[in-house]
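Engineer: For reference, the structure I am asking about is given below.
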Amino acid sequence: MKLHQLDLNLLLALDALMTQGSVTRAAESLFISQPAMSHALNRLRAFFDDPLLVRTPQGMLPTPRAQRLHLGVQQVLRLLEQQLSEEELFEPRQSKRRFVLCTTDYVECVLIPPLIQRLRKLAPGVTIEIRILRDTLPEAELASGEIDLVLGFDEYMQVPGYLGKETWLTEPLAGLVRATLELEEERITLAQLIDMPHVFHSPLGTSEASLDSYLKSLGHSRTISVNSQSYMSAAAIVSQSDHLLVLPSMVAELLANHWPLKSLPLPADVPDYHLNCVWHPVHAQQPALIWLKGLMKELVSPQ
């Protein structure tokens, strides 16, 4: 028997005939005419070389061959129905889904704590795995689904056009200095940006940030004395020196609340940070991913 010689619509007819036990009722269940169902039965009989359904005083009775066929046909039809139907809705409270986020320590500090707090209430079985974003976007892992979302800033990421991308947050930079450092103004001036030694926080190992591009456009540059890949170590250095650390304002405030530091505004024309969410279009319609993106975006937006 060769499957390509069988009209697969005949499997639907066989299932209807076996379930209804009548040509008329089978035709009605598939919304076709009785002659069309009779024709389908004749084609099935010819293909399988078996009468399949025999007319008796008790109605149409299946042959042993038809009974065996019907078991397999039902399984095939149910499997096709499951595979071709719309993806099931994501139920957060019952889910055991593990989401993998690739991001920087900024997101770990600012976004992940409130996310975990919300998940405990909305989806207690959901878990989060954090992978640190490096200097190249993990395109292969996004495509395979190994990584669900990438969150990072414009200066760290070159995002190919085929990937999905949204800007979730635009945030000003701030200057972090030790709490006892005396300055003429309670802000960082352009002259201080140029003259003060900097601790440069570069989680991806990059050598230049948007601040450097801004200073270069004005014909200036800054002096980077220390290059650190950790907010904690950078804050520790600044708390015990006359160095300046430039970083997103929310992290600056967070560190200033826990270290002997103070957060000060920068000149108004210093460019902002733009936090982007990146995903692969292959997985864009997954209900679970849509739900997580919505939840995280909601946590970011009010800030």
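Engineer: Count, please, the residues in region 47-70 that happen to be surrounded by fewer than 10 Cβ atoms within 10 Å (Cβ to Cβ) and at pLDDT 80 or above.
Structural biologist: Total meeting the criteria: 4.
Engineer: Out of all the residues in region 153-161, is one or more surrounded by 16 or more Cβ atoms within 10 Å (Cβ to Cβ) and at pLDDT 90 or above?
Structural biologist: So in region 153-161, the residues surrounded by 16 or more Cβ atoms within 10 Å (Cβ to Cβ) come out as 153, 155-157.
Checking which are at pLDDT 90 or above leaves us with none.
Looking for residues that are surrounded by 16 or more Cβ atoms within 10 Å (Cβ to Cβ) and at pLDDT 90 or above, one finds none in region 153-161, hence no.
Engineer: Find all pairs meeting these conditions: Cβ atoms under 9 angstrom apart; at least six residues apart or on different chains; first residue within region 272-283 and part of a helix (DSSP H, G or I); second residue aliphatic (A, V, I, L, M).
Structural biologist: 281/163; 282/142; 282/143; 283/142; 283/143; 283/289
Engineer: With the condition being in contact with a His (Cβ under 7 Å, 6 or more places away or on another chain), I'd like the helices (runs of 4 or more DSSP H) fully within region 205-257 carrying at least 1 qualifying residues.
Structural biologist: 231-239
Every residue, every condition in (1) farther than 18 Å from residue 236 by Cβ; (2) at pLDDT below 95; (3) over 25 Å from the mean Cα position of the chain (by Cα), yes or no:
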position	(1), (2), (3)
164	yes, yes, no
167	yes, yes, no
170	yes, yes, no
174	no, yes, yes
179	no, yes, yes
182	yes, yes, yes
192	yes, yes, yes
199	no, yes, yes
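Engineer: Please go through (1) among the charged types (D, E, K, R); (2) closer than 30 Å to residue 287 by Cα; (3) touching a helix residue (DSSP H, G or I) at 6+ places or on another chain (Cβ under 6 Å) for residue 15 and return the number of the only condition it doesn't satisfy.
Structural biologist: (2)
Engineer: Of everything in region 210-226, what is touching a strand residue (DSSP E or B) at 6+ places or on another chain (Cβ under 6 Å) and either more than 23 Å from residue 272 (Cβ to Cβ) or among the hydrophobic types (A, V, I, L, M, F, W, C) (or both)? Give them in sequence order.
Structural biologist: Across region 210-226, the qualifying residues are 211, 223, 224, 225, 226.
Engineer: Which residue out of 251, 282 is assigned by TED's automatic domain parsing to the domain that holds residue 151 and modelled with pLDDT under 90? So that I can check it myself, show each step before the final result.
Structural biologist: Numbers: 251 fails: assigned by TED's automatic domain parsing to the domain that holds residue 151.
The unique qualifying residue is 282.
The values are calculated or read from the model by the stated rules, or taken from the named source; none is laboratory data. Keep in mind that this is a model prediction, so the values were computed, not measured. Neighbour counts run over all protein chains shown; Cβ positions are idealised from the backbone, glycine included.
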